[in-house]
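Take a look at the structure set out below.
Every number here is computed from the coordinates shown, using simple stated rules; none is lab data. Because the structure is predicted, anything quoted here is derived from the model rather than measured.
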Amino acid sequence: MDKKEQIFQELRKQNVRITKQRRAIIDILDGQHLTIQDIYSQMKKRGFHNLGTVYNNIDFLIDHKIVTQIFINGKKHYDLTIDEESHTADSHIHVTCKVNNNIIEINDSDIFDYIRDHEIFKNFNIEKLQIVVEGSCKHYDTQHCKRTDACFISKLSK
Ligand SMILES: [Zn+2]
Ligand SMILES: [Zn+2]
């Protein structure tokens with residue numbers, strides 16, 4: 001049994017129903033950060049044509065902390081939180097190269113602990129803590145190279 005299957009079993013124990021459509025959303029989001037348009041176009045290929053239902057299912061997955069929303073390059077993206085143990089919404093930094101919209105993740109829980117431990121949060125419940133770094137690979141400044149395959153961030157994501 002793979003790890004995802006174990007997670008689904010755990011969710012079933014908590015009476016969280018992973019229907020076919022919810023499962024499809026989870027599969028589509030695996031390893032990717034996608035907008036609703038991206039998700040919907042892939043859902044249509046799998047035979048799910050009702051955008052409202054897709055939205056409802058995403059909301060359900062967000063409510064159960066299986067999916068999180070994150071603004072990257074000015075657009076709402078959806079991100080899976082269950083693919084690895086360290087991968088909660090609040091434990092990894094997103095870095096995006098705006099030239100080609102490539103996104104990578106850096107797992108560095110120390111930075112997040114450093115923020116949580118700040119004395120200002122002693123009497124405060126943090127509900128959301130996300131770090132997004134936006135920018136562009138330095139060689140793009142020289143204007144001689146904007147090819148997709150030249151992106152430093154996309155190379156790191158492979
Ligand atoms: Zn992520
Ligand atoms: Zn780049």
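The table for this structure:
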{"item": "Whole-number percent relative contact order across the chain, with pairs defined as alpha carbons under 8 Å at least 6 apart", "result": "18"}
{"item": "Segment ASN56-GLN32, extension gain: residue separation times 0.36 nm, minus the distance between their alpha carbons", "result": "6.6 nm"}
